[in-house]
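The values are calculated or read from the model by the stated rules, or taken from the named source; none is laboratory data. On a predicted model such as this, the values are computed, not experimentally measured, just so you know. Please note: Cβ atoms are built from the backbone with ideal geometry, for glycine as well, and neighbour counts cover all protein chains shown. Accessible surface is based on the protein model in full, side chains and every heavy atom, while ligands, DNA and RNA are left aside. Shrake-Rupley method; radii C 1.70, N 1.55, O 1.52, S 1.80 Å.
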Amino acid sequence: MISLKSTLRGYRREIGYNDKHYYNKCAQYLLERLGLFMRRNCITEDDLSVVFEEGNFNYSALRTLISACRRNPIRPATKNLARVNPQSIMVRAKEDEPLLQLADLVAHSLYKLVDDSPRMYGLKETRYVDELRTRFFADKVTSKILGFGIYAVHNLEQIQPDLEVKQFLQNLNNS
């Protein structure tokens, strides 16, 4: 998932600019992608556990948010949460769950893809994501990753990538 706080528009005001709520909303979008993957691969909510890294976040509030979204899915993508059991969301320390290191690797590769800090000197690091591309969930017909294994909140234009990154993401496939 790639997001900018500004992409959440009015929701930022609704949550009082609270970073914990922002984290939970981003987690919702991530779990919607997971639900889509589960639906496409006939995986039920009983077949899966979700593990988040222990941190300074309110995971009980995340479970509550996911439960509320499951009861009343407003956006079409939110319907994918029907396959994600909020009670299956667990929290573990990174040293207790080695797979969290893979999640960090993917998160860092996506961050470096859009990092426009001065220390990057205008260079965009696409290599990490390109190396991982065969591991991303993608559309079964087109093999495109954007919108499936990589989700730009709410669309690619809103995260304001430069032209190189935009074209890279639009053309990225897992084959």
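Here the simple spin-label model places points 7 Å from the Cα toward Cβ, and for Asn155 and Leu123 these points are separated by 3.3 nm. Taking the 1.4 Å solvent-accessible surface of the chain as the whole, the part contributed by carbon and sulfur is 51%. A 1.4 Å probe run over the chain, with the rest of the protein chains in place, finds 59 Å² accessible per residue. Fully extending the segment from Tyr111 to Glu131 would add 5.7 nm, taking 0.36 nm per residue of separation and subtracting the current Cα-Cα distance. What separates the Cα centres of the stretch 44-121 and the stretch 141-160 is a distance of 17 Å. Exceedance of the 25 Å cut-off in Cα-Cα distance is limited, within the set Lys79/Lys124; Lys20/Lys166; Lys20/Lys94; Lys20/Lys140; Lys79/Lys112, to Lys79/Lys124; Lys20/Lys166; Lys20/Lys140; Lys79/Lys112. Phi angles across the stretch 50-56 convert, under the Karplus curve 6.51 cos²θ - 1.76 cosθ + 1.60 with θ = phi - 60°, into 3J(HN,Hα) values of 10, 10, 10, 6, 4, x, 8 Hz, Gly and Pro given as x. Mean-square fluctuation check for the chain, GNM, Cα pairs under 10 Å: which of Val129, Val141, Val51 is largest? Judging by the Gaussian network model, the answer is Val141.
In order along the stretch 156-161, the Karplus-derived 3J(HN,Hα) couplings, from 6.51 cos²θ - 1.76 cosθ + 1.60 at θ = phi - 60°, round to 4, 5, 5, 7, 6, x Hz, and Gly and Pro are given as x. Semi-axis lengths, largest first, of the ellipsoid equivalent to the stretch 8-92 are 21, 16, 10 Å, with √(5λ) applied to each eigenvalue of the Cα gyration tensor. Between Ser88 and Val51, the modelled labels are 1.5 nm apart [label points 7 Å from Cα along Cα→Cβ]. Over all pairs of different C-alpha atoms in the stretch 91-161, the reciprocal of the mean inverse distance, the Kirkwood hydrodynamic radius, equals 13.8 Å. Only DSSP H runs of four or more residues enter the estimate; each adds -39500 (n - 2.57), and after division by the residues of the chain the mean residue ellipticity at 222 nm equals -12500 deg cm²/dmol. Hydrodynamic radius of the chain by the Kirkwood approach over all distinct alpha-carbon pairs: 17.1 Å.
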